[in-house]
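The values are calculated or read from the model by the stated rules, or taken from the named source; none is laboratory data. Please read these numbers as outputs of a predicted model, since none were measured by experiment. No Cβ is skipped: glycine too gets one built from the backbone with ideal geometry, and neighbour counts run over all protein chains shown.
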Amino acid sequence: MDDIELAKYPGLHLRGSTYYVRKRVPVDLTHIEKREQIRLSLDTSDKRVAIRRYPAKLAEIERTFTVLRAALQSQGHAEGALAAGKLDKLTRHEIEAIVSAWWEKRSRHRQPHLSAYDSPEELLAELEAETAALRIPDLVADPIGHATDQLLVEAGHRAQARKLGRGQTQVRYPVVDRASEQYVYLRQLVRRALEQELALARDYVTQRSDAPHDPIFNRGGLGGAHEGLGRQQAHTVEEWVAQYRAEREALLGEESTGRKYGLLFRVVREVLGAQTPVQSISRTHCVEVFNFLKALPPNVTKLKRYKGLTLTEAVAVAKAGGAKGLAANTVGSYMQGLSAMLRWAQDAEWGVRASAKGLVETRRNEVQRRGFTPDELTKLFAALTAYRQEQPTKFWVPALAAFTGARAGEICQLRSEDVIDVGGVTCLNLSEFDARGERVEDKRLKTAASERILPLHPALISAGFLDFVERQGNQARLFPDLMPGPKLNYSHEFSKWFGRYKKGLGFTERSLVFHSFRHGFKDACALAEIGDETTRALGGWATINQASRYGNLVTCFAPQWLAR
């Protein structure tokens, strides 16, 4: 077969009197497939037969690659990174988990056999010599470096035989950057483990308990600088999460706890390690949680592409696809949650000293919201009028928002009894309590200042709002067609509908949202020269600084919007 014909069948070649097909191992698989290429015999010396068999054999090689990729994907993040020789991709806690697993397999070193020595003193002298060797790691004989390298090989890190002159040793060594931060930390952990191992071996021989406390390798130790911590119960991250969750659920409910902390609990377990002692949590660990949250893709628990993945694997998939991480405000909210968890552990006297203070970022707003202009309001309500009879909720919720400045959530949860008369003035009673003073379970206000009584503008009365209320009869809720959303707020679906509706009318600016009614109310109060204190009371703003963030003095009320 000449070269031109060979070019039509890549990898097909004649070796001796037999045809073969070969293909190089793809770069992404070289760390788990040691061969540089895969070669399969076509079992023929006939060119035409070889060409006929060529596609099937090539497909067989591709199937081999597919199986290898499936095996790689089935590995966890840490195992995959080690197999790829990418120690730098591991977190400190993943490294700690690897060393802990190695430590558990070495229990025999902590309970040496005395029968191999003439006397206990001989064994103790050997242990002292090994301890001294750990203190001089710069010598040619480096027990820490040797143990670190062999740990990596045993853990599945990419390795190769070391060359000695023209030959090779039978011992495999990891292909790793020994100057990297991760390798240096790994080496530090191995040194601690070996020192603890020797100390525990001495205790085993002498029947004493002098080995110092170590949060990873000897949580029950009573000696050394950590003597005080050693006497405390060694609580794990898993216990921390479980007890904090249970207490918060008892106080604030499962829904609130799951919504605010559900994802954070998963992050804490995965980044810190479920079995990590809480006493060992440091500022560095808080920074790792912070950075992990920033890289975490939005809706990681909902999107199908992340189903079945650990959060670490989801982050890797998101980065590979160019997906952005969580918004700064969301990260800040979770970090506030972490701070609350740390304070709880400190109050419980669990030996936690770490703080996440200063790690909360606040995102700068990308859009400055504004109120609707009079022309925009005229256009909006001219269209909404079509809903007044058949779907009155879609008309009256925006109307109430425009004339009261109330939030969507405050309006959508209103009950018929919340429309009250105060000295001959029709008002809305925005409260979490009913007329008898009993708390209403499905009503929530944003802040304490949000509880207020709002007089209704005459334009609302003239437009027939009281007739609408009367038609509701004995309905407990003023807008019974609104159902609670995921956070048990009745405004969830309505807000989504309003967003789509306004865009359909041509209001596509990101600065115009349902909350623009609230901004417009602030503008109208300013134009009407209503005092700032009264304005803040009407709007339910917590402070003058909060109120000052609303309004741009472009909106005023025009009652003709709501003409009958």
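Among the candidates 369, 388, which residue alone is touching a Ser or Thr at 6+ places or on another chain (Cβ under 8 Å) and over 24 Å from residue 258 (Cα atoms)?
Every option except 369 fails the conditions.
When the residues of the range 492-511 are filtered to those that are modelled with pLDDT of 90 or more, small (Gly, Ala, Ser) and surrounded by 12 or more Cβ atoms within 10 Å (Cβ to Cβ), which remaining residue is farthest from residue 440 (Cα to Cα)?
499
Looking only at residues that are of a type in the set (A, V, I, L, M, F, W, C) and closer than 23 Å to residue 412 by Cβ in the range 526-541, which one is modelled with the lowest pLDDT?
My answer is 541.
With the condition kept exactly as written, say whether any residue in the range 308-319 is more than 30 Å from residue 519 (Cβ to Cβ), acidic (Asp, Glu) and in a helix (DSSP H, G or I).
Yes: one or more hits.
Looking at the range 452-533, what helices (runs of 4 or more DSSP H) fall wholly within it and have at least 1 residues that are over 23 Å from residue 370 (Cα atoms)?
In the range 452-533, 458-462, 465-471 are the helices (runs of 4 or more DSSP H) which contain 1 or more residues that are over 23 Å from residue 370 (Cα atoms).
Output the residues belonging to the range 457-479 that are exposed (fewer than 13 other Cβ atoms within 10 Å of the Cβ), under 46 Å from the mean Cα position of the chain (by Cα) and farther than 16 Å from residue 429 by Cα.
474, 475
If the requirement is being in a helix (DSSP H, G or I) and modelled with pLDDT under 85, which of these qualifies: 141, 132?
Step by step, each of 141, 132 is checked, and only 132 is in a helix (DSSP H, G or I) and modelled with pLDDT under 85.
Looking at (1) in contact with a Phe, Trp or Tyr (Cβ under 9 Å, 6 or more places away or on another chain); (2) assigned to a helix (DSSP H, G or I), which one does residue 297 not meet, given that it meets all the others?
(2)
Residue by residue, here is whether (1) of a type in the set (Gly, Ala, Ser); (2) under 30 Å from residue 244 (Cβ atoms); (3) touching a residue at least 60 places away in the same chain (Cβ under 8 Å); (4) in a loop (DSSP other than H, G, I, E, B) holds:
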| position | (1), (2), (3), (4) |
| --- | --- |
| 333 | yes, yes, yes, no |
| 344 | no, yes, yes, no |
| 355 | yes, yes, yes, yes |
| 359 | no, yes, yes, yes |
| 376 | no, no, yes, no |
| 400 | no, no, yes, no |
| 429 | no, no, no, no |
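If residue 369 meets every condition in (1) out of contact with any Lys or Arg (no Cβ under 8 Å at 6 or more places or on another chain); (2) modelled with pLDDT of 90 or more; (3) closer than 29 Å to residue 504 by Cα apart from one, which number is that one?
Going through (1) out of contact with any Lys or Arg (no Cβ under 8 Å at 6 or more places or on another chain); (2) modelled with pLDDT of 90 or more; (3) closer than 29 Å to residue 504 by Cα one by one, residue 369 breaks only (2).
Output the residues belonging to the range 199-216 that are hydrophobic (A, V, I, L, M, F, W, C) and under 41 Å from the mean Cα position of the chain (by Cα).
Across the range 199-216, the qualifying residues are 199, 200, 211, 216.
Looking only at the range 81-97, decide whether some residue is modelled with pLDDT of 80 or more, in a helix (DSSP H, G or I) and surrounded by fewer than 12 Cβ atoms within 10 Å (Cβ to Cβ).
no
Do you know which of the residues in the range 275-328 that are of a type in the set (A, V, I, L, M) and without any contact (Cβ under 8 Å) to a residue 12 or more places away in the chain is nearest to residue 344 (Cα to Cα)?
Residue satisfying both the conditions and the ranking: 309.
Residues checked against (1) at pLDDT 90 or above; (2) within 17 Å of the chain's Cα centre (by Cα):
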residue: 236; (1), (2): no, no
residue: 258; (1), (2): no, yes
residue: 297; (1), (2): yes, yes
residue: 345; (1), (2): yes, no
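Restricted to the range 84-110, and to residues that are of a type in the set (Val, Ile, Thr) and touching a Phe, Trp or Tyr at 6+ places or on another chain (Cβ under 9 Å), which residue is nearest to residue 144 (Cα to Cα)?
The extreme case among them is 99.
Residues of the range 378-403 being under 38 Å from the mean Cα position of the chain (by Cα) and of a type in the set (Ser, Thr, Tyr), which ones?
393
Find all pairs meeting these conditions: Cβ atoms under 6 angstrom apart; at least six residues apart or on different chains; first residue within the range 95-109 and closer than 21 Å to residue 271 by Cβ; second residue small (Gly, Ala, Ser) and not in a helix (DSSP H, G or I).
Short answer, once both residue conditions are applied: 97/273; 98/155.
Return the only residue of 356, 328 being modelled with pLDDT under 90 and either assigned by TED's automatic domain parsing to the domain that holds residue 281 or not small (Gly, Ala, Ser) (or both).
Result: 328 is the single residue among 356, 328 that is modelled with pLDDT under 90 and either assigned by TED's automatic domain parsing to the domain that holds residue 281 or not small (Gly, Ala, Ser) (or both).
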